[in-house]
Every structure is written in C-alpha cells, then in structure tokens.
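Quick notes on the structure that follows.
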Amino acid sequence: MTSRKPKPTANERLIASLREKASKLGFDALRIAPANSIPQAPEHLRTFLQAGYHASMAWMEETADRRADPNVLWPEARSVIMLAMNYGPDDDPLAHLNDLSTAGISAYARNRDYHDVIKGRLKELASFLVSRGGGDVKVFVDTAPVMEKPLAAAAGLGWQGKHTNLVSRELGSWFFLGSIFTTLDLPASESERDHCGSCRACLDNCPTNAFPQPYQLDARRCISYLTIEHAGPIPKEFRNAMGNRIYGCDDCLAACPWNKFAQSAREAKLIARDDLKSPKLSDLAKLDDQTFRKHFSGSPIKRIGRNRFLRNVLIAIGNSGDHDLLPSLLPHLDDSDPTVRGTAVWALRNLASSKAFAAERTRRQPAETDGTVQDEWSS
C-alpha cells in the first residue's frame, strides 16, 4: 500500500504560483524571509557609518533606522519576498583593460537602467500576489532604505561574500535584487551559509585596496563610488588606479570563482549594447550635454550627468598612454565646469611632453580663476 503525499497547503500553492509568475516575468530566483530576519543589521550598519565608510552618501546615515529594520520602514510588514534577476555579461567584463584607449563600463550599466526594468515587473508580481493571497504590499528596487543584501541572504538567495556583494551558487555574482514587502505571513525559505572559505580573490583583485578587511568595504576608496556617487575632483591618489574604468568597477565581482556557474542575461533590456562594451575614449570625450543625454537615454549612466562623466573619461585618457588622444582632451581645458577643466589639466600632464605642458600652463594658468584648477596646473 503506497502512502499518499499530503496535499499542498494554501501557502504552498500560493508560493508555487508566485514562483511560476516570477519566472515568466524574467526573474531567476525567488525566496522569502520574515521581515524581522536581520536583527544583526542595525549594529553592522552603525559600525559601517561610524567608520565613515559611506563617504559622502549622507542619506545612508539619515535613513539608518529605517534601513536597518524593515519593520521601522513599514511596521505592518510580516514577510519579504526577495527576487533576483540575472544580468550576467556574455563576454569577459574586464576585456576593456586590454585596450586603454577604450572605456570600461560596469556590466550592469551597459543597457537599460535596471530600476526601470525591474520595478514594473515587481509591481506586476505584487499585484498577482494580492489577487491570489490578499494582504498589502510595497515594492522596492534599490531606491528606498532597504538592506537588500542581508535580506536576500536571510531568504536564501545567496550569501554576502567578502566583497560585501551577494553571491549565489546558481547565479554567481551577476544579478540584481528586488523586494516585495507584504503583510502576509508566508513560510520562510532556508537561509544560505557562507561559501567563501579561505578564498580572497575578490579582495586581492581590487585596484584601490577598498576592503579594510574581509566583508568590509570603504566606499571612499571604491572606484564604483568614485566614478558614480562622488562629486567634484577625484582624489589624485586613486586616479592612476582607475585605469580606463569610467563608470563603476567589476574587478571584485569578476574575480569570484562562483561565477563559473553564472549565465548570460536572458532579459533583452539587460543585455549589453554593442556600443557600450568598449567604447572609444575619443568618441566619449566629444559628448556635450545634449549628446550625452541622448546617447545615454534610458541608461543608469545618464544620472551622473555630463560633467561627472567627462571627468571620468578624462582620467581614463590621462591613464591611456595614447598620445593620439591629446586632441580629445585639449578642448576641455576651456570647459565651463572647473572639475572638468582641472581633470583635463591632470590628463594633459600625463600625456603631453614636459615642454608642451609648460607651454600650455604659461598660456592658460594666468587666466584661470578657479583655485582647484590653478592647483592642477601648479602641482
């Protein structure tokens, strides 16, 4: 006599249908954590902030209480549904390092802004959940004070590696996170344990030594922070190490051995545009505000603005060692933005001969009114 399998419970049927719907919407994994599943987060966040590792991102400190505890952000929340969407590159994400006359753009930013792609899918999935299970919902994609990575680890999507990013045995490191907070009490998934072991490939591959120790990131030294979040001139101590990375940095992610299981993105809007894989620095240096906005319409790169973008491009030109790029930087010595002008001076010093640089300094420095740019000419 064979024993019958117990019938699935209402919650089990709900979650099964939710997983099926999520897959149809392009998500690669779905897990669930209780809203109170990260009790250690407040202390970890406080330590991070007290060390100043958040750099100029003051909003992290301003929203610390809500960020560290989902139930401070939304007291009615009982469960958090965490979702992953793969954006794995279809080629070597660090190939740009082999040609310093081209630009390196982080793999996640080579097509559409993931916020726009994922937010709509999350809303559709949340509506599906309410229609099947009731309750109230809120959706978040990296635009609210939510600690997605600790929640994702608690839900079993992966674990936070030594580079502080989430790592999955199925997806590697190349995936975005989104969350649905719900008032429903849903059965939690099994959390994932740390599988980093003694490996420190990600730490050793960082160009700027941005990890004070494993599992800690100092944003003040991180190229992703410096090229995206940091306003004004980039500290000189990091400019050479930036190489040709003009938007973000994938070095620590690319070094992770777990990426041997990663697959290329299946969402068309996250597959890299050919013109953003290794664009020529000479082409990017020509962008004025209007052409910059047009070229990066719908891209996350657009949000940093033309001036910050040009600052990064000019640092890459200065690091290129390619004297043929001198004509690309010379117009920016007269740019209206002082940070762009100052960075152009730095790049000129790197590329031009001592005689040519001295001639430009004699011609331009007396007319310069910005003290920071004056310092670039003098240093």
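In Å, what Kirkwood hydrodynamic radius results for the chain from the alpha-carbon pair distances? Show your work: numbers first, answer last.
On the way: mean 1/r = 0.0444 Å⁻¹.
The Cα-based Kirkwood calculation yields 22.5 Å.
Close amide H partners of Phe175, meaning residues 5 or more places away or on another chain with modelled amide H under 5 Å apart, are Tyr87.
If you plug each phi of region 255-272 into the Karplus form 6.51 cos²θ - 1.76 cosθ + 1.60 with θ = phi - 60°, what whole-Hz ³J(HN,Hα) values come out, in order, with x for Gly and Pro? Once rounded to whole Hz, the list reads 7, 5, x, 5, 6, 5, 9, 6, 10, 5, 4, 9, 7, 4, 6, 10, 7, 4.
Dividing the convex hull volume of the alpha carbon atoms of region 1-131 by its residue count, what do you get in Å³ per residue? If you can, show how the numbers build up before the last one.
Numbers: hull volume 28.6 nm³, N = 131.
Dividing the Cα hull volume of region 1-131 by its residue count gives 219 Å³.
Towards the positive end of the charge dipole of region 280-379, with charges on Cβ (+1 Lys, Arg; -1 Asp, Glu), say which of Gly298, Pro331, Leu351 has the farthest Cα. Farthest towards the positive pole: Gly298.
Note on the chain: with a GNM built from Cα contacts shorter than 10 Å, the maximum mean-square fluctuation among Val80, Val139, Val130 falls on Val130. For Ala272, the amide hydrogen comes within under 5 Å of the amide hydrogens of Asp90, counting only partners 5 or more places away or on other chains and with H modelled in the peptide plane.
Determine the dipole magnitude for region 280-379: charges of +1 sit on the beta-carbon of Lys and Arg, -1 on that of Asp and Glu, nothing else is charged, the reference point is the Cα centre, and the result goes in debye to the nearest 20. Working shown, then result.
On the way: 15 positive and 13 negative charges, 59 e Å.
Using only the charged Cβ atoms, the result is roughly 280 debye.
Return the calculated 222 nm mean residue ellipticity for the chain, to the nearest 500 deg cm²/dmol, obtained by summing -39500 (n - 2.57) across DSSP H runs with n ≥ 4 and dividing by the residue count. It would help to have the intermediate numbers written out before the result.
Numbers: 18 runs with 152 residues, N = 379.
One gets -11000 deg cm²/dmol as the mean residue ellipticity at 222 nm.
Our coupling estimate for region 157-165, obtained by passing each phi through the Karplus curve with A = 6.51, B = -1.76, C = 1.60 and θ = phi - 60°, is 6, x, 9, 7, x, 5, 8, 6, 7 Hz, Gly and Pro reported as x.
Only one residue of Val313, Thr9, Pro187 has its Cα farthest out toward the positive end of the dipole of the chain, where Lys and Arg carry +1 and Asp and Glu -1 on Cβ, and that residue is Thr9. Size descriptor for region 154-230, Kirkwood hydrodynamic radius: 14.4 Å (Cα pairs only, one decimal). Converting phi to 3J(HN,Hα) with the Karplus coefficients 6.51, -1.76 and 1.60 and the offset θ = phi - 60°, region 185-192 yields 8, 9, x, 6, 7, 6, 5, 9 Hz in sequence order, with x at every glycine or proline.
The charge dipole of the chain, taken about the Cα centre with unit charges on the Cβ atoms of Lys, Arg (+1) and Asp, Glu (-1), comes to about 880 debye, rounded to the nearest 20. For the chain, the residue among Pro150, Leu171, Leu253 whose Cα projects farthest onto the positive side of the dipole built from Cβ charges is Leu171.
The amide H of Val146, built 1.01 Å from its N in the peptide plane, has no neighbour under 5 Å, considering only residues 5 or more places off or on other chains.
Bear in mind that the values in this text are calculations on the coordinates, not laboratory data. Predicted model only: the values in this text are computed from it and were never measured. Note that each Cβ is placed from the backbone with ideal geometry, even for glycine, and that neighbours are counted across all protein chains shown.
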